[in-house]
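Structure first, then comments.
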Amino acid sequence: MKTVYQRSKGLMDAPTHYCPGCTHGVIHKLVAETLEELGIIGTTVGVAPVGCSVFSYNYFACDMQEAAHGRAPAVATGIKRVHPDLAVFTYQGDGDLAAIGTAEIVHAAMRGEKITTIFVNNAIYGMTGGQMAPTTLVGQKATTAPFGRDKERQGSPLRMCEMLATIDGCVYAERVAAVDVPGILKAKRAIKKAFQLQLEGAGFTFVEVLSTCPTNWGLTPRDAIAWLKENMVPYFPLGVYKQ
Amino acid sequence: MKELWKGNEAVAEAAMRAGCRYFFGYPITPQNEIPEYLAKHMPARGGVFVQAESEIAAINMIYGASGAGARVMTSSSSPGISLKQEGITYLACAELPAVIVNMMRGGPGLGNIAPSQADYYQATRGGGNGDYRTIVLAPASIQEAADFTQEAFDLADVYRMPVIVLADGTIGQMMEAIEWRTPPRRELPAKEWATNGHRGERPHNIINSLFLDVADCEEQNCRLQERYELIAERETRYEEYMAEDAEVLFVAYGTSARLARAAVLKLRAQGVKAGLFRPITLWPFPEVALHARAAMPSMKAVIAAEMSTGQMIDDVKLAVNGIRPVYLVGRSGGAMPMPMELVELALEVLA
C-alpha cells in the first residue's frame, strides 16, 4: 500500500493535550516537518514556554528544554552560545513572549542571537483560563477584562512583529495565520525560511503565527477561524516585516 | 609563588581555571570586577561572556547553557541575587549544575554597597519557591575565594545542583596574596542528560522542572531530599581555632570570622579561654560538630557574630539545642561586628 500521509518524524508518537479546534497542533506539525525536511531533528534543541504549549517538550522529537515563564529566549541564548552548531528554537505564546518575557525577546533580537522564535498569538492566556493578554484586542472579553479590553485603562495590543522588525539583530520577521490551507502553506514557508536563515548564521529570526483559541474565546472552531480573520488580521496584518 | 589578587578577580580567574567557559551576568556593585575580568579574558581562552539584560535573563541563560552540558557561572550581589531566585529554583528542580557567586551588600531593598551577610537565610533556605537547598560555600579569605570557586564546579557537577559561593563586599574588594592551586578533582559523572543534539543516537533528552502529577512531583522532591541528606553527610565543612579548651565560643563565617579570630586573640591575651568555630559550608550547616564543641564541659557560652541582625544564629541555636546560652553580636546595613564588641560581650557573659 502506498503511504500518502504520515506523522512527521519531527514529532513524537504522543497524543497532544490541546483543545479541539486549537491550531497549536498544526503549528507543531509545521515546525516538525521543517526539522525533518532540513535533516536537523538530531541537531536541534527546542525550548518550550509556560502556557498551553508547555508540554511541547513531549511532542517534539528533538532535544528539548522547558523554560520559566517568558525566559525561553534567554534559555535559548545559553544553549546556542554553548552549541553554535545546533539549531535552537523557542516556541512561545503571547502571554509568555509579549508580557512577562518582553525583555528577553527584545534583547535576544538585539544581540542577534542565531535562534528562531515561533510566536503563537491567540490574543488570550489559554492555559490559565482566558485572562487578558498583551495581544487581546480592544473590546475583546477576557476573564480579567470582563467588560472587554478598554483602550483607556488597558492600552492597545502589542504588535510584536512590527516591534522586533525595528531591531538590527532581527534579520527576519513575518506574520502568518495558520487557519486555512493557503495560510498554513505560507506559515510553513515562513518557518522553514526562518530555520534556514538561522542555519546560515544570519541572525535572530521570528515567525508570528496567528492562532485560534475556541475554548477561551467561547466560539466553535469554525467560528473561531472566522473571528480571527475578521478581527485579528485587520489589527495584526499578515506579511513579511523584515527580510 | 604567591600573587596579589583582588577577591572578585580571583573568583573570575578561578572559574576559568576550573574549566568554566560560559559566563552570563549583569552589572551590580560590589561584584563588577567578576564580569569585567571575564569579559576581558574569556574570549582568549575560547570562552563566552554575555552581558544579559537583567539578572533574571542571566540566570535563565545559565539554565540553558547548563542544560546543554556546559560548566557555567553567574555572579551578582544581594538585590541581583533576589532576582535570580526564579532561575535558581528551576535549576534545583531540573537538577542542573551551576555556580552562583553572591558578593553580599547591605539591604534590605537597594540598601547600600557596603559588605553584609544579610542574605544568609536566602542562601541557606533555598531562596526561591519550593523544597530545595543549594550547597553554600563561605570563603573567609581571597585564597579561599579562589579555592572554593574551583571546588564549587565539581560539587555542582557531582550532585547536579546549583552551588552558591557566598561572600561579601569585603572579600570581593580586598586584595590578598594567594597561591594558585588545583583542588583535588572529583570523579565527575557523564552528562548523559544534556540537550546537545541526540543525532538519532539516543532518545530525546528533556530538561524540565514541571511535574504536574502529584505523585511525580513528590517523588522528585524525595529524590532531591535524599541527595541533600547525602550531601549533609559527606560535604559538611568547618574550621576551628583555639576551640579545644574554650569556655566561650564565637561562631562566625566569612569576614565576621576574621573579626572573631581577632577577638579570640585579644581574650586569650587577657587569660580568657576563647575559641572560634567557623562554618565553611553554611548549608549543610555543621550542626553535629558545633553541638559537640558546645557540649564540652568547659564551655560556658556561645556567641554568634554576623553582619546581619541575626540570621545564622538560628542555625547556631538549633545546633546548640539549648545546652548552652547563645548570644548575638549582629551588625547590619554594612556595619561589622568589631573585635572589641565581641570581647566586651564575652567578658560580660562569663562574669
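Taking the stretch A:70-111 only, how many residues are open to solvent by 10 Å² or more (accessible area, probe 1.4 Å) and under 27 Å from A:Gly42 (Cβ atoms)?
At the first step, the residues of the stretch A:70-111 found to be open to solvent by 10 Å² or more (accessible area, probe 1.4 Å) are A:71, A:80-85, A:93, A:99-100, A:102-103, A:106-107, A:110-111.
This time we only want the ones that are under 27 Å from A:Gly42 (Cβ atoms), so: A:71, A:80-85, A:93, A:111.
Count: 9.
The conditions are (1) within 13 Å of another protein chain (Cβ to nearest Cβ); (2) under 18 Å from B:Val136 (Cβ atoms); (3) among the hydrophobic types (A, V, I, L, M, F, W, C); (4) in a helix (DSSP H, G or I), and B:Ile81 fails exactly one of them. Which is it?
Among (1) within 13 Å of another protein chain (Cβ to nearest Cβ); (2) under 18 Å from B:Val136 (Cβ atoms); (3) among the hydrophobic types (A, V, I, L, M, F, W, C); (4) in a helix (DSSP H, G or I), the lone unmet condition for B:Ile81 is (1).
Just to check your reading of the model, which residue among A:Asn58, A:Asn122 is more than 9 Å from chain B (Cβ to nearest Cβ), open to solvent by 10 Å² or more (accessible area, probe 1.4 Å), in contact (Cβ under 8 Å) with a residue 12 or more places away in the chain and under 24 Å from A:Pro15 (Cα atoms)? Can you show your working first?
Working: A:Asn58 fails: more than 9 Å from chain B (Cβ to nearest Cβ).
So the residue among A:Asn58, A:Asn122 that is more than 9 Å from chain B (Cβ to nearest Cβ), open to solvent by 10 Å² or more (accessible area, probe 1.4 Å), in contact (Cβ under 8 Å) with a residue 12 or more places away in the chain and under 24 Å from A:Pro15 (Cα atoms) is A:Asn122.
For the structure I just gave you, tell me whether A:Val181 is under 25 Å from A:Gly39 (Cα atoms) and surrounded by fewer than 23 Cβ atoms within 10 Å (Cβ to Cβ). First the steps, then the outcome.
On the way: under 25 Å from A:Gly39 (Cα atoms): yes; surrounded by fewer than 23 Cβ atoms within 10 Å (Cβ to Cβ): yes.
Criteria met by A:Val181.
So, of the residues in the stretch B:19-53 that are within 8 Å of chain A (Cβ to nearest Cβ) and more than 22 Å from the chain's Cα centre (by Cα), which turns out to be farthest from B:Pro189 (Cα to Cα)? Please lay out each step first, then the result.
Filtering the stretch B:19-53 for residues within 8 Å of chain A (Cβ to nearest Cβ) gives B:22, B:24, B:48, B:50, B:52-53.
If we keep only those that are more than 22 Å from the chain's Cα centre (by Cα) as well, we get B:48, B:50, B:52-53.
Numbers: B:Val48: 24, B:Val50: 27, B:Ala52: 30, B:Glu53: 33 Å.
Step by step, filter the stretch B:19-53, then rank; the result is B:Glu53.
Which of the residues belonging to the stretch A:31-55 are more than 9 Å from chain B (Cβ to nearest Cβ), open to solvent by 10 Å² or more (accessible area, probe 1.4 Å) and part of a helix (DSSP H, G or I)?
Correct list: A:Glu33, A:Glu36, A:Glu37, A:Cys52.
Restricted to the stretch A:223-239, and to residues that are in contact (Cβ under 8 Å) with a residue 40 or more places away in the chain and among the aromatic types (Phe, Trp, Tyr), which residue is nearest to A:Lys151 (Cα to Cα)?
As a first pass, look at the stretch A:223-239 and keep what is in contact (Cβ under 8 Å) with a residue 40 or more places away in the chain: A:224-225, A:228-229, A:231-233, A:235-239.
Next cut, among the aromatic types (Phe, Trp, Tyr) only: A:235-236.
Numbers: A:Tyr235: 14, A:Phe236: 16 Å.
Once the filter is applied, the top-ranked residue is A:Tyr235.
How many of the residues in the stretch B:56-78 are within 11 Å of chain A (Cβ to nearest Cβ) and either touching a strand residue (DSSP E or B) at 6+ places or on another chain (Cβ under 6 Å) or among the aliphatic types (A, V, I, L, M) (or both)? Spell out how you get there, then give the answer.
Step one: of the stretch B:56-78, the residues within 11 Å of chain A (Cβ to nearest Cβ) are B:56-72, B:74.
After this cut, where a residue has to be either touching a strand residue (DSSP E or B) at 6+ places or on another chain (Cβ under 6 Å) or among the aliphatic types (A, V, I, L, M) (or both) as well, the list is B:56-59, B:61-62, B:65-68, B:70, B:72, B:74.
Summing the residues that are within 11 Å of chain A (Cβ to nearest Cβ) and either touching a strand residue (DSSP E or B) at 6+ places or on another chain (Cβ under 6 Å) or among the aliphatic types (A, V, I, L, M) (or both) in the stretch B:56-78 gives 13.
Residues in the stretch B:192-212 that are open to solvent by 80 Å² or more (accessible area, probe 1.4 Å) and either under 28 Å from B:Asp131 (Cα atoms) or within 7 Å of chain A (Cβ to nearest Cβ) (or both): how many? Walk me through how you get there before you give the answer.
Step one: filter the stretch B:192-212 for residues open to solvent by 80 Å² or more (accessible area, probe 1.4 Å), giving B:192, B:199, B:201, B:203, B:212.
Those still in the list that are either under 28 Å from B:Asp131 (Cα atoms) or within 7 Å of chain A (Cβ to nearest Cβ) (or both) too: B:192, B:199, B:212.
Of the residues in the stretch B:192-212, 3 are open to solvent by 80 Å² or more (accessible area, probe 1.4 Å) and either under 28 Å from B:Asp131 (Cα atoms) or within 7 Å of chain A (Cβ to nearest Cβ) (or both).
Within 24 Å of B:Ala118 (Cβ to Cβ) and surrounded by fewer than 15 Cβ atoms within 10 Å (Cβ to Cβ), is that true of B:Leu350?
Numbers: within 24 Å of B:Ala118 (Cβ to Cβ): no; surrounded by fewer than 15 Cβ atoms within 10 Å (Cβ to Cβ): yes.
No, not satisfied.
The values are calculated or read from the model by the stated rules, or taken from the named source; none is laboratory data. It should be emphasised that the depicted structure is a prediction, and the values quoted were computed from it without experimental measurement. Here Cβ is always computed from backbone atoms with ideal geometry, including for glycine, and neighbour counts include all displayed protein chains. Note: areas computed on protein heavy atoms with side chains; ligands, DNA, RNA excluded. Shrake-Rupley method; radii C 1.70, N 1.55, O 1.52, S 1.80 Å.
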